[in-house]
Amino acid sequence: MIREFLSNLLFNTALGNGFYSDFTIYTLFACILFFIISFFLIEIEDFLEVKIYYGFAFFLSAITTLNVLRYRPYGGDAQIYCELVDLSKSSNLSFYNLDYKYTFNYPPLFKRVLEIFCNYGYEEHYYFYLFPFFVLFLLVTKQINKNIPINFIYIFGAFLGLRWVLKTGNLVILELIFLLFFVVLFKKESKLSYLFLILFGMQRLWFLILVPLIYFLEKEEKFKKLFYILSSTVFAIFINLGLLVDFLNRHFNSATQYSVLTEMPGHNTPSIYLGIVKLLKLQSNVLILFLYVLISLYLINLVIKKNQLGRNMSLTIFFFLVLIINPYMKPYHFIFFLPFLIFIDDKFLQNKKNIIVAIILPNLFWIIFSNLSSGTYIGFVQLLFFILFTINLIQFEKKSIQHD
């Protein structure tokens, strides 16, 4: 009986089965109990050694992250991408014009990369394609004398980011590398950093909003920065030129799949924008989206101005807030916070409260509610953990500045 219970527990956790069922009164009690346990874990942090938290974080992360590779079907996106590659070759049509149940929402640059990847087993072994980024990231952390073990724990389990990437088979390797180069060059105050930010943003169009934000964040050498931004934009557009219009149409045409105007909110898309539209029973359109963006930018500006953080930390908070309010938020987007660990003090990452908020609670949440009849909207709790982590980071940096 115990063996059957564990088997069902791991199976439901891998597939997130509970989120596909209706929310029940018993789940409500489980929610209340979960938040009580969360409060308790934070309150007793001083009574346990940090090594215990490391071990608990690693154990829970292993259940949620590695467990997804034990059960099929997994890596659905990887299968879709390679099917599209084959269809495109056999029909001589572009990825964007195929008559297929799924659409391709990556820019043309990724099309070429996918064709190569799929020829070398991406569909069957897509998780190995993440290794180059992780090796590169750990080499960078070693070079700047950061704590590699604690950074590895965050890579492995923070905010379920890696779990979602492994489960979906999503192509994030290029984006993570572009983002890592951006962070490293920004740290060195190189204007070439804009090139890699724009290359990253070309795929996740929402993140292009960071370019003007950072431009106004740094007041020095505005004309020189503008030159690099314009030249980087021209270069990014040039390498995507062939099918760029079709790519953009995929994101904003309400008649296409995977459009921010037609996506439904839930545990697979815990978007604040889509949640508000659903709650207020509005019809999503470009005007409402535009108003949401304006209000979001205003609030982000207030947060940054009020807290007066340093250059690198202002960028980090900018990115985290833009990630949180992304109207097309996907849980695997949380993996994009990893390159910014370079800017975060190891003392903050080693803090027990932050280990609880970033790793222990998200993984515990997923295990519990994957095995209950939870309903898709409870997946918005995934955002709460990241919001709390961001608040903790702002407070930590303010105290550091005051102490200095």
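What is the one condition in (1) under 17 Å from F320 (Cβ atoms); (2) in a loop (DSSP other than H, G, I, E, B) that F182 does not satisfy?
Checking F182 against (1) under 17 Å from F320 (Cβ atoms); (2) in a loop (DSSP other than H, G, I, E, B), the one that fails is (2).
If I ask for residues that are hydroxyl-bearing (S, T, Y) and assigned to a helix (DSSP H, G or I), which ones from the stretch 1-51 would you list? Working first, answer last.
Looking only at the stretch 1-51, we keep the residues that are hydroxyl-bearing (S, T, Y), and these are 7, 13, 20-21, 24, 26-27, 38.
Across the stretch 1-51, the qualifying residues are S7, T13, Y20, Y26, T27, S38.
I want to confirm something. Restricting to the stretch 185-220 and keeping residues that are among the polar types (S, T, N, Q) and not in a loop (DSSP other than H, G, I, E, B), which single residue is nearest to P327 (Cα to Cα)? Before you say what the answer is, go through the steps one by one.
Pass one, the stretch 185-220, residues among the polar types (S, T, N, Q): 190, 193, 203.
Those left that are additionally not in a loop (DSSP other than H, G, I, E, B): 193, 203.
On the way: S193: 25, Q203: 15 Å.
Here the residue is Q203.
What is the residue count in the stretch 286-340 for residues that are of a type in the set (K, R) and under 14 Å from the mean Cα position of the chain (by Cα)? Spell out how you get there, then give the answer.
First, the residues of the stretch 286-340 that are of a type in the set (K, R): 305-306, 311, 330.
Keeping just the survivors that are under 14 Å from the mean Cα position of the chain (by Cα) gives 330.
Within the stretch 286-340, residues that are of a type in the set (K, R) and under 14 Å from the mean Cα position of the chain (by Cα) number 1.
Mind checking which pairs have a first residue in the stretch 175-200 that is within 16 Å of F337 (Cβ to Cβ) and a second that is charged (D, E, K, R) and crowded, with 22+ Cβ neighbours inside 10 Å, Cβ under 6 Å, 6 or more apart or different chains?
Pairs that qualify, where the first residue is within 16 Å of F337 (Cβ to Cβ) and the partner is charged (D, E, K, R) and crowded, with 22+ Cβ neighbours inside 10 Å, are F200/E175.
Can you find a residue in the stretch 114-134 that is surrounded by fewer than 19 Cβ atoms within 10 Å (Cβ to Cβ), more than 21 Å from F334 (Cα to Cα), β-branched (V, I, T) and without any contact (Cβ under 8 Å) to a residue 12 or more places away in the chain?
Yes, that holds for at least one residue.
Looking at the stretch 19-51 only, could you name the residues that are of a type in the set (V, I, T) and surrounded by fewer than 12 Cβ atoms within 10 Å (Cβ to Cβ)?
Scanning the stretch 19-51 gives I25, I32, I36, I44.
What helices (runs of 4 or more DSSP H) lie completely within the stretch 338-404 and have 1 or more residues being surrounded by 22 or more Cβ atoms within 10 Å (Cβ to Cβ)? First the steps, then the outcome.
Numbers: elements: 346-350, 352-355, 361-370, 381-403.
Result: 352-355, 361-370, 381-403.
With respect to L280, determine if the residue is farther than 14 Å from F182 by Cβ, at pLDDT below 75 and not hydroxyl-bearing (S, T, Y). Please lay out each step first, then the result.
Values: farther than 14 Å from F182 by Cβ: yes; at pLDDT below 75: no; not hydroxyl-bearing (S, T, Y): yes.
In short, no.
Quick check on my filter: what residues within the stretch 119-134 are over 17 Å from V165 (Cα atoms) and assigned to a helix (DSSP H, G or I)?
Result: N119, single match.
Scan the stretch 131-152 and give yes if some residue there is modelled with pLDDT under 80 and at negative phi, otherwise no. Lay out the reasoning, then the answer.
Restricting attention to the stretch 131-152, the residues satisfying the condition of being modelled with pLDDT under 80 are none.
No: the stretch 131-152 contains no residue that is modelled with pLDDT under 80 and at negative phi.
Here are L109, L162: which of them is part of a helix (DSSP H, G or I), surrounded by fewer than 21 Cβ atoms within 10 Å (Cβ to Cβ), in contact (Cβ under 8 Å) with a residue 24 or more places away in the chain and of a type outside the set (V, I, T)?
On the way: L162 fails: surrounded by fewer than 21 Cβ atoms within 10 Å (Cβ to Cβ).
Sole residue among the options that is part of a helix (DSSP H, G or I), surrounded by fewer than 21 Cβ atoms within 10 Å (Cβ to Cβ), in contact (Cβ under 8 Å) with a residue 24 or more places away in the chain and of a type outside the set (V, I, T): L109.
Working only within the stretch 278-287, note down all residues that are out of contact with any helix residue (DSSP H, G or I) (no Cβ under 7 Å at 6 or more places or on another chain) and free of Cβ contacts under 8 Å to residues at least 24 places away in the same chain.
Of everything in the stretch 278-287, those that are out of contact with any helix residue (DSSP H, G or I) (no Cβ under 7 Å at 6 or more places or on another chain) and free of Cβ contacts under 8 Å to residues at least 24 places away in the same chain turn out to be K278, L279, L280, K281, Q283, L287.
The values are calculated or read from the model by the stated rules, or taken from the named source; none is laboratory data. Just so you know, these numbers come straight off a predicted model, no measurement behind them. A quick note on method: Cβ atoms are made from the backbone with ideal geometry, for glycine too, and the neighbour counts reach across all protein chains shown.
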